[in-house]
Amino acid sequence: MSDDRVDFASMLASRLCHDLLSPVGAFANGLELLADEKDPAMRERCFELLEQSARTSANKLKFFRLAFGSAGGFGELVPADEAKSAIQGIIGDRAIDLNWMIGSDPLPKPAVKIILNLSLLLVDALVRGGRLDVGCENQGEGIEIALHVEAERIFLDADVETILRDGEGATAMTSRTAPAVLVQAVAAQNGGTVMLARETPTSLLVGAVLRGRG
């Protein structure tokens, strides 16, 4: 295995562990508090925190299974509702409105990976909330994917933006940029391209076109 592939796998694993550390750590802390707490009201609050942490952890694992993994359990097509549910899971209680503009037809795995990894990057960029529009259409000769965000401020990492705009080799790979590298890699593997356009300071459009395996 090449050094680049090892580094890529390491960066994706680092990103996954980073995102899971907080809810799993909160779950462990909640168990410790519950063991020592005698007050009924406080114990009830501990159970609420444990439930929240468990739900957040499960949502993130479900998301990363589809976004980074092989999505075992599905064939070459993934139900559109699974992708939507995964994105809703990582949004959680953040002030982000998801505008899902995809029908009920199942989606090819490569399209799902691109949609989820772009969603992950854009949700991270909406630190003060906003709106995320997600669309995907089969145009016969290829699949067109478009994600659009609007917010008072969009804090997309500069290196992530560079990779999405100029390609995976445009800047050094880190755990923050690994999802953007994966988007470019999946698009290239399927004869596709990735595009990014900053329409205004409060609006950003990212998308891809897949034309089958190259």
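The values are calculated or read from the model by the stated rules, or taken from the named source; none is laboratory data. Treat the numbers as computed from the prediction; the structure is a model and nothing was measured. Heads up, the Cβs are rebuilt from the backbone with ideal geometry, glycines too, and the neighbour counts pull from every protein chain shown. Remember, those area values only see protein heavy atoms, side chains included, never the ligands or the DNA or RNA. Shrake-Rupley method; radii C 1.70, N 1.55, O 1.52, S 1.80 Å.
Taking the options F8, F27, name whichever one is surrounded by 15 or more Cβ atoms within 10 Å (Cβ to Cβ), of a type in the set (F, W, Y) and either within 21 Å of S175 (Cβ to Cβ) or at pLDDT 80 or above (or both). Going through F8, F27 in turn, the sole match is F8.
Among the candidates L182, L204, the residue that is of a type outside the set (G, A, S) and assigned to a strand (DSSP E or B) is uniquely L204.
Going by what's in this entry, would V186 be described as crowded, with 19+ Cβ neighbours inside 10 Å, farther than 12 Å from K113 by Cβ, aliphatic (A, V, I, L, M) and under 16 Å from the mean Cα position of the chain (by Cα)?
no
Select from region 143-178 the residues that are in contact with a Leu (Cβ under 7 Å, 6 or more places away or on another chain) and surrounded by 18 or more Cβ atoms within 10 Å (Cβ to Cβ) and list them in ascending order. Walk me through how you get there before you give the answer.
Here is the first cut: in region 143-178, the ones in contact with a Leu (Cβ under 7 Å, 6 or more places away or on another chain) are 143, 146-149, 151, 154, 156, 160-161, 164-165, 178.
Passing the criteria: I143, A146, L147, H148, V149, A151, I154, L156, V160, E161, L164, A178.
Looking only at region 48-72, residues that are touching a helix residue (DSSP H, G or I) at 6+ places or on another chain (Cβ under 9 Å) and either in a loop (DSSP other than H, G, I, E, B) or modelled with pLDDT under 75 (or both) come to 4 in all.
In region 126-146, the residues that are touching a residue at least 60 places away in the same chain (Cβ under 8 Å) reach residues that are open to solvent by 30 Å² or more (accessible area, probe 1.4 Å) with C-beta atoms within less than 7 angstrom, at least six apart or across chains, in these pairs: E141/R211; G142/V209; G142/R211; I143/P108; E144/E137; E144/V209; A146/L205. Considering the conditions (1) surrounded by 14 or more Cβ atoms within 10 Å (Cβ to Cβ); (2) of a type outside the set (S, T, N, Q); (3) more than 25 Å from A13 (Cα to Cα), G140 is excluded by exactly one of them, (1).
Looking at the structure I just gave you, is L120 closer than 16 Å to M11 by Cα, open to solvent by less than 40 Å² (accessible area, probe 1.4 Å) and either at pLDDT 95 or above or out of contact with any Leu (no Cβ under 9 Å at 6 or more places or on another chain) (or both)? Working first, answer last.
Values: closer than 16 Å to M11 by Cα: yes; open to solvent by less than 40 Å² (accessible area, probe 1.4 Å): yes; either at pLDDT 95 or above or out of contact with any Leu (no Cβ under 9 Å at 6 or more places or on another chain) (or both): yes.
So L120 fits the description; yes.
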